[in-house]
Structure formats: C-alpha cells, structure tokens
Amino acid sequence: MLIARNLAAVLDRIHQAERAAGRPEGSVQLLAVSKRHPPEAIREAYAAGQREFGENYPQELASKAEILKDLPGIRFHLIGHLQSNKVKLAVRFASSVDTLDSPSLAVELGKRAASRPEPLPVLLEVNVGGEIQKHGCSPEQLAAVMEAVLAQPSLRLRGLMTVPPHTEDPEGARPFFRQLRRLRDRYGTDLLPELSMGMSHDLEVAISEGATQVRIGTAIFGERPLRG
Ligand SMILES: *Cc1c(COP(=O)(O)O)cnc(C)c1O
C-alpha cells in the first residue's frame with residue numbers, strides 16, 4: 001500500500017507543478033525508476049496504475065521484463081548507460097533506450113533494432129554539466145549523434161535526457177535543465193518532442209523548465225537496497 005500512496009503523492013506533485021508552470025495536466029509523463037527494487041514492488045506500482053518504468057542495468061531490465069511479462073502494457077525504459085555488448089538485450093526487452101550518447105552506439109543499436117517489428121524509440125543523453133564521471137555526449141557532440149540516429153530507420157528519435165550534477169538545493173539543477181531545453185529548442189519540438197529531466201528531489205524545477213518526462217525512484221519505492 002505504501003507504494004500506491006507514494007505514487008499518488010508523486011502524481012500530485014507533478015500535477016501541481018504542471019499547474020504552476022501553466023501547462024496542461026498530463027503533459028508530463030512519470031517514469032517510475034525501479035532499479036534494484038524487486039519485481040513485486042513493480043507489481044504493486046502497476047496495480048496502482050503505473051505503466052512506464054525505468055531501469056539502469058540492461059541485465060536487470062531483461063530479467064524483470066521476463067518475470068513481469070504477464071502484465072499487459074508494461075514498458076521498461078533503459079535509463080542507464082548502454083555498453084555495446086548489451087545492445088542485443090536492450091533491443092529485445094526495452095521499450096525505449098533513453099541514454100544513447102554516441103554515433104557508434106546509434107549504428108550498433110540501429111543494426112540490432114532492425115529485428116523489431118516497430119522502430120525503437122530513443123532519447124539522446126547529454127552531459128550538460130560536463131562531469132567527467134558521467135555518461136552522455138557533450139552539447140557540442142549532439143548534432144553528430146542526432147545525425148547518426150536519423151540515419152537509422154529502425155530507431156525513432158524522441159528527444160533529450162540529462163542527469164545534472166547533484167546539488168542539495170534542487171534549484172541548483174535549474175541552469176542545467178534550462179541548458180537542455182535550449183539545446184532542444186535549437187532543433188525544435190517536432191524533431192525532439194521529449195525532455196527527460198527531473199528526479200525525486202527536483203521534479204518541480206524540471207517541470208518548470210519544460211520537462212515532459214520525470215524519472216522518479218526514491219519518492220515512489222523508498223531507499224534502494226544495496227546491490228547484492
Ligand atoms: C536512479 C535514477 C533516477 C531516480 O532517482 P531518484 O532520486 O531515486 O528519484 C533517475 N534517473 C536516473 C538516470 C537514475 O539513475
């Protein structure tokens with residue numbers, strides 16, 4: 001019951017932020033980030049109406065998708081780094097790959113995704129904070145990655161994603177969210193309709209800066225168990 005209650009509270013925060021930003025209710029999609037939580041936790045969220053989930057590790061995504069395949073309409077987004085040796089898994093089990101960040105990965109993913117009945121939706125991850133330990137292309141590399149994706153008929157370019165540097169104060173993320181939005185605006189919403197940004201502690205800031213998708217883990221599922 002706790003997960004259902006948390007989910008309702010998060011949806012409420014999202015709706016309030018949509019209103020505050022003068023955006024229509026339902027314009028922001030909730031991705032429930034279930035990494036390191038057991039499949040039963042996902043079932044609980046699903047029973048409460050949640051359909052879109054985010055997972056960080058391709059192996060974990062694949063095993064959960066397999067265990068939960070009895071749930072109609074459930075969708076798993078890969079929101080963690082994708083290594084080329086895991087592309088096959090991602091193509092088979094993910095509904096969307098939200099962390100594409102290089103031309104070579106686009107080529108590899110595009111080749112594999114040709115086996116899918118429908119093109120694979122992808123978001124391009126941009127490292128707007130320029131942190132060396134983070135994945136994502138630089139803003140300068142974005143055009144090349146975008147071009148590589150557009151050249152793959154089995155990939156469907158949907159938008160941009162970012163994980164900003166962590167700051168205690170959620171307002172600290174605002175300049176990075178704004179930078180992602182500006183990058184998007186350079187190409188337009190036809191080419192890049194989705195902006196995936198905002199997590200448990202800063203979703204309001206992200207929505208006020210134009211997020212169309214927020215990725216929420218802790219506020220729904222609680223603290224993550226350590227990796228075993
Ligand atoms: C874990 C994770 C989230 C969720 O973070 P919370 O702070 O638990 O809401 C969102 N996005 C990415 C890429 C993550 O790895």
* To do: Would you be able to say whether some residue in region 198-212 is open to solvent by 40 Å² or more (accessible area, probe 1.4 Å), under 16 Å from the mean Cα position of the chain (by Cα) and of a type in the set (D, E, K, R)?
  => no
* Structure fact -> Checked GLU55, GLU66 against criteria (modelled with pLDDT of 95 or more, of a type in the set (Asp, Glu) and within 16 Å of the ligand (Cβ to nearest atom)); the one match is GLU55
* Asked: Does LEU124 satisfy the criteria of being open to solvent by 20 Å² or more (accessible area, probe 1.4 Å), touching a Leu at 6+ places or on another chain (Cβ under 9 Å) and on the phi < 0 side of the Ramachandran plot?
  -> no
* To do: Scan (1) over 30 Å from LEU2 (Cβ atoms); (2) among the charged types (D, E, K, R); (3) in a helix (DSSP H, G or I); (4) within 16 Å of the ligand (Cβ to nearest atom) for the single condition GLU125 breaks and write down its number.
  => (3)
* Asked: In region 38-58, what count of residues is obtained for those that are under 17 Å from the mean Cα position of the chain (by Cα), open to solvent by 10 Å² or more (accessible area, probe 1.4 Å) and touching a residue at least 24 places away in the same chain (Cβ under 8 Å)?
  -> 5
* **Total residues in region 92-121, condition assigned to a helix (DSSP H, G or I) and either of a type in the set (A, V, I, L, M, F, W, C) or modelled with pLDDT under 95 (or both)** => 6
* Asked: Can you name every residue in region 69-103 that is more than 13 Å from the ligand (Cβ to nearest atom), in contact with a Ser or Thr (Cβ under 8 Å, 6 or more places away or on another chain) and open to solvent by 30 Å² or more (accessible area, probe 1.4 Å)?
  -> ARG75, SER84
* Asked: Is there a residue in region 81-91 that is outside any loop (DSSP other than H, G, I, E, B), at pLDDT 95 or above and under 22 Å from LEU11 (Cβ atoms)?
  -> no
* Take ALA4 and decide whether it is in a helix (DSSP H, G or I) and open to solvent by less than 50 Å² (accessible area, probe 1.4 Å). => yes
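The values are calculated or read from the model by the stated rules, or taken from the named source; none is laboratory data. Since this is a predicted model, take the numbers as computed values, not measurements. We place every Cβ from the backbone using ideal geometry, glycine too, and count neighbours over all the protein chains shown. Side chains are part of the model used for accessible areas, which takes the heavy atoms of the whole protein and leaves out ligands, DNA and RNA. Shrake-Rupley method; radii C 1.70, N 1.55, O 1.52, S 1.80 Å.
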